Every structure is written in structure tokens, then in C-alpha cells.
1. I need the calculated FRET efficiency for the pair residue 40 and residue 86, taking r as the beta carbon distance and R₀ as 35 Å, to the nearest 0.05.
2. Which one, 63, 38, 27, is farthest towards the positive end of the dipole of the stretch 24-88 when Lys and Arg carry +1 and Asp and Glu -1 on their Cβ?
3. Sorted from fewest to most neighbouring beta carbons within 10 Å, what does the list 67, 22 look like?
4. Return the distance in nm (one decimal) between the two label points of a simple spin-label model at residue 68 and residue 15, each offset 7 Å from Cα along Cα→Cβ.
5. Got a sec to turn the phi values of the stretch 33-45 into Karplus ³J(HN,Hα) couplings, 6.51 cos²θ - 1.76 cosθ + 1.60 with θ = phi - 60°, whole Hz, x for Gly and Pro?
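Nothing in this text is a laboratory measurement; each read-out follows from the coordinates by a stated rule. Since the structure is predicted, the reported quantities are computational estimates derived from the model, not experimental observations. So basically every Cβ, Gly included, is an ideal-geometry build from the backbone, and we count neighbours across all protein chains shown.
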Amino acid sequence: MAEKVKTKLHPTIEELPIVYKYGEPMAVVVDIKLFRVLLDRLEELEDRDLFSDPEIIAGLQAGQDDYLAGRMTSLEDVIKDLGLEDELQAQSI
């Protein structure tokens with residue numbers, strides 16, 4: 001009988017160690033494997049020339065603006081707010 005294993009490929013920003021200087025966040029410490037995955041994904045996006053698309057750039061800027069303004073909700077909070085914890089737990093068993 002095969003056992004299902006739940007794998008989390010990427011942590012949330014709250015889970016990453018943050019380096020502060022004079023009380024301001026300056027850097028995030030990322031596992032080298034995750035860093036390589038992020039670089040590979042960035043290269044894929046660059047190869048697809050998505051960064052020349054004005055709509056994509058506007059969407060990225062809007063997302064960054066929302067993040068900087070604190071208008072973000074973690075996936076875990078959304079799942080809790082929608083009452084989906086039990087449903088997702090049942091699917092991962």
C-alpha cells in the first residue's frame with residue numbers, strides 16, 4: 001500500500017528567517033534548493049518574455065503594492081476563513 005506524503009515546496013514569507021538592520025528588514029534567508037528553484041522559475045519566465053507584457057508588469061506591481069501595504073492574507077488564513085481545514089485534511093490523508 002502506497003503512503004501519500006504531503007510535500008510543501010515553498011514556505012510562506014512569515015516562515016522565512018528575515019535579517020534586520022536598524023529595525024528594517026534587509027534580507028531573507030532561503031534554503032539553497034528553494035533559491036535554485038526560484039532562479040530556474042525566473043529564467044523560465046524571462047524566456048517566455050512575460051516581463052515585456054504591460055498587463056503582467058501592472059499585475060506584479062499591484063501585488064507588490066498590496067504586499068507593502070499589508071493587504072495580504074496567507075493561504076492558511078484563507079483556508080480557515082472558508083472553513084476548509086477538514087476538507088483539505090481529508091484529501092491529504
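1. Working: r = 35 Å, r/R0 = 1.01.
Result of the calculation: an efficiency of 0.50.
2. Among 63, 38, 27, the one farthest towards the positive end of the dipole of the stretch 24-88 is 27.
3. Values: 67 11, 22 5.
If I rank by nearby Cβ atoms, fewest first, I get 22, 67.
4. 2.7
5. For the stretch 33-45, the Karplus-derived couplings read 5, 5, 4, 5, 4, 4, 5, 4, 5, 4, 4, 4, 5 Hz, x marking Gly and Pro.
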